[in-house]
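Everything below concerns the one structure shown next.
The values are calculated or read from the model by the stated rules, or taken from the named source; none is laboratory data. Note that the structure is predicted; figures quoted are calculated from it, not measured. No Cβ is skipped: glycine too gets one built from the backbone with ideal geometry, and neighbour counts run over all protein chains shown. Heads up: the accessible areas ignore ligands, DNA and RNA and are worked out on the full protein's heavy atoms, side chains in. Shrake-Rupley method; radii C 1.70, N 1.55, O 1.52, S 1.80 Å.
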Amino acid sequence: MNRRHRTRTASAMALTAALVLAACGSDDSGGAGDGGPADGEGATRTVETAMGPVEVPERPERVVVLDTAELDSAITLGVTPVGAVRTDTGTMFLDYLPQDRLEGIENVGVIAQPDLEAIHELDPDLILGSKVRDEQRYDELSQIAPTVFTENVGAPWQENFLLHAEALGASAEAEEVVARYEARAAEVTEAVGGPEAAARTEVSMVRFIEGGNTRLYGEENFIGTILSDVGLGRPAVVDEAEDGFAVEVSPEQVDRADADIVFYTSYGAPDASGEEAAVGGPLWEGLSAVREGRAFRVDDQLWFLGIGYTAAGHILDELETHLTAGN
C-alpha cells in the first residue's frame, strides 16, 4: 500500500503571495521622454525567501541558476538563464531539457561550488538557488544581484517551483504548469487501472552511487513525490528511510529492493557505482521484478537530478509506458 498519497492542488499557488510593486523614484515631471523610467522599467517586487524578503526586478532578464532544479524551473517557464552550474559528475546542463533552449548558457561552476567571479562577469539581475547549498555564500551573491533562495532541495520541489516562478514574474504561467502536471498524473493513475490498482502496485527505486552505498529511495524526495502523486504503492523497506529520504544498503543487501516493479540507475559510472557488479548477480536475479521482466533501467539525470516539472512530465510518460507494459 502507498503510505502517503500527496494531492497537489491549485490551492498551493497561495504560496505565491500578492506581488508588491516598489516605487520607481520619479517626481511629477519625470517620464520616459525626459530621463524618467518607462512603464515598468526599474520596477521591483518583494519576494519572501528562505533568507527573508528580497526585492527583485519586475521582469528579470539576466538570470543565473545555482542548481538543476532552478534550471528546470527556468526552462519550464520559458526563461533561458545566462549562467548555470553543472553537476559534479561532469554533466553540463541536463540532457533531457530542450537543447536549443540551453544554447548560450555560461557555466558558472559546480553545484555548491559556484564561481562568484564568473557570475559577477555575467552581470545578472537575479540569482536563484537554495539555502542548503549556498547559505555561506549568500552575502557575496546578494552583492552581485538580488538572490532568491529556497530553504531546501528535493522533496519540496513543487513549492520551490512556485517561489522560482514568483521571482521570475511567471506565477500565472506556473499555475498552468501545475495544472497540466496534476492532470497528467491523474491520467497515469487511470492507465494503471485506477487508484486502488495503483496502490497495490509496489514500486522500488534503486540508485547505485559512485563512491557510496546503494540507495533505496523513500517518499521524501523528488521521485518519491511523483510516485505518490500517481498513487503507487511502495515496498515496506521505505518505512526505514531516515527522514523519509532513503535507505542505504550494501551490495549484499540489494535484494531488499524487491517489489512488483524496480526502477534503477547510477549516479556516476555504472562500473564504479556497483551497478555492473549487482545487476545480473544472484541477489539481483532473485528479485521478483527481475524474474518477471519488470525491472527497468532509467536515466539518472531525468529521474534524480532534474527535480522540476519538465523532468516530472517525462517521468510520468515513462511510468505509464513501463507500468502498462504487457497489459
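Give the residues of segment 204-257 that are in contact with a strand residue (DSSP E or B) (Cβ under 8 Å, 6 or more places away or on another chain), over 26 Å from residue 189 (Cα atoms) and in contact (Cβ under 8 Å) with a residue 60 or more places away in the chain, sorted by residue number.
208, 209, 210, 214
Only one of these is on the phi > 0 side of the Ramachandran plot and at pLDDT below 75: 42, 35, 78, 30. Name it.
After ruling out the rest, the residue left standing is 35.
Which members of segment 130-148 meet the condition of being open to solvent by 10 Å² or more (accessible area, probe 1.4 Å) and acidic (Asp, Glu)?
135, 139, 140
Here is a yes/no grid of residues against (1) of a type in the set (A, V, I, L, M); (2) touching a Lys or Arg at 6+ places or on another chain (Cβ under 8 Å); (3) open to solvent by less than 30 Å² (accessible area, probe 1.4 Å):
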{"position": "216", "(1), (2), (3)": "yes, yes, yes"}
{"position": "229", "(1), (2), (3)": "no, yes, yes"}
{"position": "232", "(1), (2), (3)": "yes, no, yes"}
{"position": "237", "(1), (2), (3)": "yes, yes, yes"}
{"position": "249", "(1), (2), (3)": "yes, yes, yes"}
{"position": "256", "(1), (2), (3)": "no, no, no"}
{"position": "299", "(1), (2), (3)": "no, no, no"}
{"position": "304", "(1), (2), (3)": "no, yes, yes"}
{"position": "319", "(1), (2), (3)": "yes, no, yes"}
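Return yes when residue 311 is open to solvent by less than 20 Å² (accessible area, probe 1.4 Å), within 16 Å of the chain's Cα centre (by Cα) and on the phi < 0 side of the Ramachandran plot and no when it is not.
Yes; evaluated as a whole, the condition is true for this residue.
Looking at (1) farther than 29 Å from residue 223 by Cβ; (2) in contact with a helix residue (DSSP H, G or I) (Cβ under 8 Å, 6 or more places away or on another chain); (3) outside any helix (DSSP H, G or I), which one does residue 61 not meet, given that it meets all the others?
Residue 61 satisfies all of (1) farther than 29 Å from residue 223 by Cβ; (2) in contact with a helix residue (DSSP H, G or I) (Cβ under 8 Å, 6 or more places away or on another chain); (3) outside any helix (DSSP H, G or I) except (2).
Consider segment 271-294. How many of its residues are surrounded by 18 or more Cβ atoms within 10 Å (Cβ to Cβ) and either in contact with a His (Cβ under 7 Å, 6 or more places away or on another chain) or farther than 22 Å from residue 200 by Cβ (or both)?
Here the count works out to 6.
Working only within segment 50-65, note down all residues that are in contact with a Phe, Trp or Tyr (Cβ under 9 Å, 6 or more places away or on another chain) and open to solvent by less than 20 Å² (accessible area, probe 1.4 Å).
Answer for segment 50-65, where residues must be in contact with a Phe, Trp or Tyr (Cβ under 9 Å, 6 or more places away or on another chain) and open to solvent by less than 20 Å² (accessible area, probe 1.4 Å): just 54.
Can you pull out every residue in segment 171-208 that is within 19 Å of the chain's Cα centre (by Cα) and either open to solvent by 60 Å² or more (accessible area, probe 1.4 Å) or under 30 Å from residue 252 (Cβ atoms) (or both)?
Within segment 171-208, 173, 175, 176, 180, 205, 206, 207 qualify.
Could you list all residues from segment 64-100 that are of a type in the set (S, T, N, Q), farther than 23 Å from residue 166 by Cα and assigned to a loop (DSSP other than H, G, I, E, B)?
Passing the criteria: 87, 89, 91.
With the condition kept exactly as written, say whether any residue in segment 274-296 is of a type in the set (Val, Ile, Thr), part of a helix (DSSP H, G or I), touching a helix residue (DSSP H, G or I) at 6+ places or on another chain (Cβ under 9 Å) and modelled with pLDDT of 95 or more.
Within segment 274-296, one or more residues are of a type in the set (Val, Ile, Thr), part of a helix (DSSP H, G or I), touching a helix residue (DSSP H, G or I) at 6+ places or on another chain (Cβ under 9 Å) and modelled with pLDDT of 95 or more.
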